[in-house]
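What follows is one structure encoded as structure tokens, with my remarks underneath.
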Amino acid sequence: STPGEGTRFDVLLPEFEDDEVTQPHHLRITPTPGRAGTILVVEDDVSLRGIIGEMLESGGHTVWSAGGPLEALALLEQGIDGLDLLLTDVVMPEMNGRALADEVLRRLPDVAVLFISGYADDDVLRKGHQAATYSCLHKPFTPKQLLDAVRAALSPPAPEPG
């Protein structure tokens, strides 16, 4: 560059000839093997709730969503046919995810529960709960990680040997 005259940059990129826009491998959403389910997503962050819903629907699931625990309980009162999974954030206003899960399981004992959390150490999950009852997916997660966690939560437990 010459002082007082500025600098010029030329950026040369290869021409893109494919009409299909591709996503990086870790962001591709494809239905995962296993059964599709009806899932209630409870997340107070509206944008994250929408993204999670899109990921799950792209994976073949039916999605209901609520912005908080009280809204989720109101949806249950109205009736969600065939609810298979409660996917809920742990830390929310009104009540935490564990209290919500306890209430949902009181009403629908066969529903699976999957927590999502941005915290590495959640005391609210560990107090008084068995690891076999609940599982937790830590934020941030990829679509594949979400769909794998949902598939595992919806899979029936393996029979005990004996």
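The values are calculated or read from the model by the stated rules, or taken from the named source; none is laboratory data. Just so it is clear, the structure is predicted and the values come from calculations on it, not from any experiment. Positions of Cβ are backbone-derived with ideal geometry, glycine not excepted, and every protein chain shown enters the neighbour counts. To get the accessible areas, we keep the full protein, side chains included, count just its heavy atoms, and leave off ligands, DNA and RNA. Shrake-Rupley method; radii C 1.70, N 1.55, O 1.52, S 1.80 Å.
Across segment 39-70, what is the total count of residues that are under 15 Å from ARG107 (Cβ atoms) and either open to solvent by 20 Å² or more (accessible area, probe 1.4 Å) or without any contact (Cβ under 8 Å) to a residue 40 or more places away in the chain (or both)? If you could, list the steps in order and put the result at the bottom.
Of all residues in segment 39-70, those under 15 Å from ARG107 (Cβ atoms) come to 40, 42, 64, 66, 69-70.
Of the ones still in play, those that are also either open to solvent by 20 Å² or more (accessible area, probe 1.4 Å) or without any contact (Cβ under 8 Å) to a residue 40 or more places away in the chain (or both) are 64, 66, 69-70.
The number of residues fulfilling the criteria is 4.
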request  = With the checklist (1) at pLDDT 95 or above; (2) out of contact with any Gly (no Cβ under 7 Å at 6 or more places or on another chain) in hand, flag the one item VAL63 doesn't pass.
outcome  = (2)
inquiry  = Every residue in segment 71-80 that is surrounded by fewer than 17 Cβ atoms within 10 Å (Cβ to Cβ) and under 16 Å from ASP45 (Cα atoms), please.
reply    = GLU71
